[in-house]
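Below is one structure, written out as structure tokens; the observations come after it.
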Amino acid sequence: MDARSTARLQALGRLGLGGALMLAPGVVAGGWVGGVADKREGQALVLGLGARDIALALGTLGALRAGCGAGAWVRAGILADAGDLVATLRARDALPPLAAPGVTALTAASVLLGAWLQSAVD
């Protein structure tokens with residue numbers, strides 16, 4: 001699979017996650033942040049994260065379709081995923097038991113994939 005196809009799959013995964021966070025914030029984010037995801041104040045942040053991921057995905061997909069600028073969108077995704085990783089590690093003692101290892105694995109893998117993709121897609 002080439003870099004552009006891989007970037008497209010990563011963006012589609014981000015689109016799916018963002019959509020799920022927007023449609024079912026308590027259910028989807030509950031495994032990450034616990035019961036706060038069921039509260040309105042927690043959902044305010046979760047909805048913002050969902051919208052962020054949708055925007056990053058649509059930007060990446062559009063740039064891939066246009067044939068230019070996808071690297072910048074991938075780098076934006078790296079920054080967002082790195083922020084999620086740092087936030088998760090900082091709060092790891094207050095999170096559900098599987099949240100820190102699960103989110104760490106997912107975000108670290110996405111950061112590493114993005115690091116490879118950022119220069120290969122344009």
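Rule-based calculations on the coordinates, nothing more; no lab input. Everything quoted here is computed from the prediction, not taken from an experiment. Note that each Cβ is placed from the backbone with ideal geometry, even for glycine, and that neighbours are counted across all protein chains shown.
Which ones in segment 76-93 are exposed (fewer than 13 other Cβ atoms within 10 Å of the Cβ) and either among the basic types (Lys, Arg) or in contact (Cβ under 8 Å) with a residue 60 or more places away in the chain (or both)?
Matches in segment 76-93: Arg90 only.
Hey, any hits in segment 50-63 for a residue that's in contact with a Pro (Cβ under 9 Å, 6 or more places away or on another chain), without any contact (Cβ under 8 Å) to a residue 60 or more places away in the chain and part of a helix (DSSP H, G or I)? I'd like the intermediate steps shown before the answer.
Step one: list which residues in segment 50-63 are in contact with a Pro (Cβ under 9 Å, 6 or more places away or on another chain), which gives 50.
With without any contact (Cβ under 8 Å) to a residue 60 or more places away in the chain added as a condition, the list becomes 50.
Right, trim to part of a helix (DSSP H, G or I) and you get 50.
Taking every residue of segment 50-63 in turn, at least one turns out to be in contact with a Pro (Cβ under 9 Å, 6 or more places away or on another chain), without any contact (Cβ under 8 Å) to a residue 60 or more places away in the chain and part of a helix (DSSP H, G or I).
Any idea how many residues of segment 33-49 are assigned to a helix (DSSP H, G or I) and either closer than 19 Å to Ala109 by Cα or without any contact (Cβ under 8 Å) to a residue 12 or more places away in the chain (or both)? Write out each step before concluding.
From segment 33-49, those assigned to a helix (DSSP H, G or I) are 33-38, 40-49; that's our starting set.
Keeping just the survivors that are either closer than 19 Å to Ala109 by Cα or without any contact (Cβ under 8 Å) to a residue 12 or more places away in the chain (or both) gives 35-36, 40-41, 44-45, 48-49.
Count: 8.
So which of Leu45, Leu17, Leu89 ends up being touching a helix residue (DSSP H, G or I) at 6+ places or on another chain (Cβ under 6 Å) and among the hydrophobic types (A, V, I, L, M, F, W, C)?
Details: Leu45 fails: touching a helix residue (DSSP H, G or I) at 6+ places or on another chain (Cβ under 6 Å); Leu89 fails: touching a helix residue (DSSP H, G or I) at 6+ places or on another chain (Cβ under 6 Å).
Of Leu45, Leu17, Leu89, the one residue that is touching a helix residue (DSSP H, G or I) at 6+ places or on another chain (Cβ under 6 Å) and among the hydrophobic types (A, V, I, L, M, F, W, C) is Leu17.
How many residues does segment 109-122 contain that are touching a residue at least 24 places away in the same chain (Cβ under 8 Å), part of a helix (DSSP H, G or I) and more than 10 Å from the chain's Cα centre (by Cα)? Before the answer, list the steps.
Here is the first cut: in segment 109-122, the ones touching a residue at least 24 places away in the same chain (Cβ under 8 Å) are 110-111, 113-122.
Subsequent filtering for residues that are part of a helix (DSSP H, G or I) retains 110-111, 113-120.
Remaining after also requiring more than 10 Å from the chain's Cα centre (by Cα): 113-120.
So the count comes out to 8.
So, in segment 88-103, how many residues would count as being small (Gly, Ala, Ser) and either in a loop (DSSP other than H, G, I, E, B) or over 14 Å from Ala37 (Cβ atoms) (or both)?
We begin by selecting, within segment 88-103, every residue small (Gly, Ala, Ser); these are 91, 94, 99-100, 102.
Right, trim to either in a loop (DSSP other than H, G, I, E, B) or over 14 Å from Ala37 (Cβ atoms) (or both) and you get 91, 100, 102.
Final tally of qualifying residues: 3.
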